[in-house]
Each structure stands twice: as C-alpha cells, then as structure tokens.
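Shown next, in structure tokens, is the structure this report addresses.
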Amino acid sequence: MDQWFHIKFENRETVALLQKNGVEIPSGEVTYSKLLAWIESKGIRHGIRNEVLSLVVENLNRFVFPAEISKGKLPKDGESARLIPSFTNEKKLDTNENEKLDFKRLFTIPTAEFGEILARKQNATEGIAGISVFGKVIPAKKGKDLVVKNGENTVYNESEKCVYASASGEVTFQNNRVNIYPVYRVDGDVSLKTGHIDFVGNVHITGDVPSGFKINAKGDVRVEGVVEAADIISDGSVVIGGGVLGQGKGSVRCGGDFTSLYISQGNVYARGNIMVAQTILHSHCEAESYITCTSGKGNISGGTCIAGNGISANNIGNETNSKTLLYIKTNDRMDKEIIHHEQKILELEKNLEKLTHLKSVLIQKNTELQTINRIINTISQSKLEMNNHRAEIEKSKNTLKSSIHINSTFILM
C-alpha cells in the first residue's frame, strides 16, 4: 500500500487524509480489509471512517483525493474568567401601534446606585480534552484567570466575587475592573443618538439641548451651548453657557443656583439664586434667594421675576414699555429655620437648668471632682450650642431683608 498511498495529518493529528501517490494501481489489489489493515498499521486507532474507505475501494479510479479517513477531536480550551454585568439598563419598547413611539426614549445611560452589585466574576473553566487519530489524549488549556481590581468608585469583594458600587453614577466596564463616574458627558448636542438623559450624577453637555428633549440629573447640569424649549430638572445647580431660548415652552428647575448668559422666553425655577449675565427677556423666573442681572447690559425686560431675598439689575423694562413684573416673596423656608433654632434654644435652656441644679447637689454631697468636672463640661458645651443657634437666628433674620436694586437705586422691602 505504501507505493500507492500516503497519509497526511492535520489539525494537531486530529485529521488523517489519505493521498494517492499517482502510481497506477492494479485492479483488485486494493480491498477494504487490506486498506483498513494498512491504515491501522500506521497507528491510527480513533475515528476511522469506514464509509469513506468503502467509497475509496469502490471508486478507486474516480475518487477525488484526498480522503478524510479518520477524524479525532480538537481540545476545547477553557473559557477565561470574566466579569458578568449583573444588571441591564435596556428599555423594552412598547410596540402598541395605537401609541406614538418616543424615539428619544430608546437610549439609556448605564447607571447604578450606591451599594448596588454591578458585576460578578465568572471563574475560568478547565476546558475539554481532545483526542488524536492515534487515540492519544490532547490536553486542553485551562482558561486564564482574571485579577479583578477596584475601579473608580467600585469595590471588589473577593469572597463573594462581586463588584459593588461605592458611589452613584455612570457605569463603564473594562477588562478587569468596573468604574463609576459621577459625570455623564455628551460631546456635542443632545440628539436622537443620546435621547432623553436621566442620570444619577452630574451631566455635562458640550453642545446644545434642542427643543423637546429632557434632562433629569441628581447632580449638577452644565450645558456649554444653548438650551431651547427643553426640560431640565436638577437636584443641584444648572449652568447654561450659551443661554436659554425657551420659546415660552419647556423649563429649567434646579435645587441649587442657576447661571446663564441670558434667558429669552424661558421658565426658570431655582431653590438658590438665578444669576444671568446679560438679559432676562420675556421670561418667568423664580428664585428662593436672589435674581441678579448686572453684567454687561444687565436688563430685565418683560415677563415676571419672583425672588425670596432680592432682585438686582442695571435696567428694568425697555423703550416699548413691555410689562415687567418684579415680586419679592416671604421666605417660608427661612421662617421655619428660625423656629427650629428657637425650639433648640428652649430645650437647651431647660437642660442647663437641670444640669446647674445637679452640679450644686453634687458639690454639697462632696462628690468626687471627676464627676463634677464632667457636669461642668456638659454645661459649657450646652452654652456654646445655644450661642451657635442664636447666631443662626440672626443670620436668617438678616437674610430676610429683601430688596430690589436697579441702577444703584436701593429699595428696601
């Protein structure tokens, strides 16, 4: 058989290919039993394909070589260890044909809250051994282990093999770590590519926020461009570098200060201050503290401005006599803070009276000095705390003095 055939091995000896040497084979010399015996004499024991041998013998002159006469199995290496996300931020789309689909809601930001499990480590597997056509075991390689490192604002628990969030924010996955970034950044304009933004940290947008989009942030919002008739809600402060072009629609609401180059036909509500560099034009603005528009032109024209502590501007109104309304409202929050401090003072005064009496009794009974000194220290701390509450009351009362300041004319309200 050697003068007529030879065998070629491939894929780590898991495939045996029968090749014809090109020498003419006399009729009847190659039988199934002779061919099988010759193949086995080469040491091939596993995966012999008897049906192929039969085809070769029956069609010796017409068979197209090479012929795969034996096949083993390649080893399957183990899978490497990896981090498996334990949550998903994908939204299920409502395919109800009767409801209008809001394409701006098709995109979500992967976010997590403090203490949430972000990922679990999947250990490497051993793999599955292979076998050659000679019957030899081909060992498989074990998957590579992964050393999980603590990422930004995340902690890896080795015993639980879990990654926990140590802060709230945007989640990003790397090969061996998970990071949480408290700032979600949009390079460019908000668009259908980004969709509405709902984020548990700060949001930074380098472009514009067009009409119809919504931004909801637990932290601060910074927009370098222009905000049109969009809705922005922030638990922190809002800074609009390019100004607000509200078109009488949309609104900006923030738990801190609002800062902008200008406001035109906008609706702005701030629990802190509203600070505008150039103009407030035909807008509705409400601030629990101050509204200021004193840089550059510093003009408030048309619309309504309501502040808890004061309004300052270089100019009010315009040459067309646009109706401009300015209001100062009493600050209920400050009133509540004053009441709170006054109640604390009353409680401390009662405790002081009891402590002073106790000190006198202990002195009369010749109690050890260490105990009396502890009472004296407690009395001193209580008096200091009372003074701090009185200072806060005076501070709040001074803050309640509201004013409207226009062109260096000061009007006390």
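The values are calculated or read from the model by the stated rules, or taken from the named source; none is laboratory data. Fair warning: this is a prediction, and the values are worked out from it, not measured in the lab. Here Cβ is always computed from backbone atoms with ideal geometry, including for glycine, and neighbour counts include all displayed protein chains. Note: accessible area is taken over every heavy atom of the protein model, side chains too, but ligands, DNA and RNA are not part of it. Shrake-Rupley method; radii C 1.70, N 1.55, O 1.52, S 1.80 Å.
Before moving on, here are some points about what is shown:
- Between helix 332-364 and the chain there is an angle of about 80 degrees, using the helix long axis and the longest principal axis of the Cα atoms.
- Contour minus Cα-Cα distance for residue 124 and residue 65 (0.36 nm per residue): 17.1 nm
- Over 27 Å between alpha carbons, listed pairs 350/395; 214/329; 354/395; 121/214; 71/142: 214/329; 354/395; 121/214
- At an R0 of 30 angstrom, the distance between the Cβ atoms of residue 364 and residue 388 translates into a FRET efficiency of 0.40.
- Net lengthening on full extension, residue 354/residue 58 (0.36 nm per residue, minus Cα-Cα): 95.0 nm
- Residues of region 1-33 with amide N under 15 Å of the 7 Å Cα→Cβ point at residue 141: 12
- Average Cα contact separation per residue, the chain, under 8 Å, 6 or more apart, as relative contact order %: 7 percent
- With the biggest extent put first, the Cα atoms of region 240-329 measure 35, 25, 23 Å across the principal axes.
- For residue 10, the solvent-accessible surface computed with a 1.4 Å probe is close to 70 Å², ligands and nucleic acids excluded.
- Taking the three principal axes of the alpha carbon atoms in the chain, the coordinate ranges are 123, 84, 41 Å, sorted in descending order.
- For peptides 76-86, 203-213, sequence by mean Cβ density within 10 Å, most packed first: 203-213, 76-86
- Net charge of neighbours whose Cβ lies under 15 Å from the Cβ of residue 139, counting Lys and Arg as +1 and Asp and Glu as -1: +3
- For region 158-281, the ratio of Cα radius of gyration to the globular rule of thumb 2.2 N^0.38 Å stands at 1.17.
- Spacing of the two label points (7 Å from each Cα toward its C-beta) at residue 27 and residue 10, in nm: 3.4 nm
- Averaged over residues, the count of other Cβ atoms within 10 Å places the peptides 133-144, 248-259 in the sequence 248-259, 133-144, highest first.
- Rule-of-thumb Rg ratio for region 280-354 [Cα; 2.2 N^0.38 Å; N residues]: 1.71
- Length gained on full extension, residue 372 to residue 179: 64.1 nm, using 0.36 nm per residue less the C-alpha separation.
- By average C-beta atoms within 10 angstrom, highest first, the peptides 120-132, 278-290, 381-393: 278-290, 120-132, 381-393
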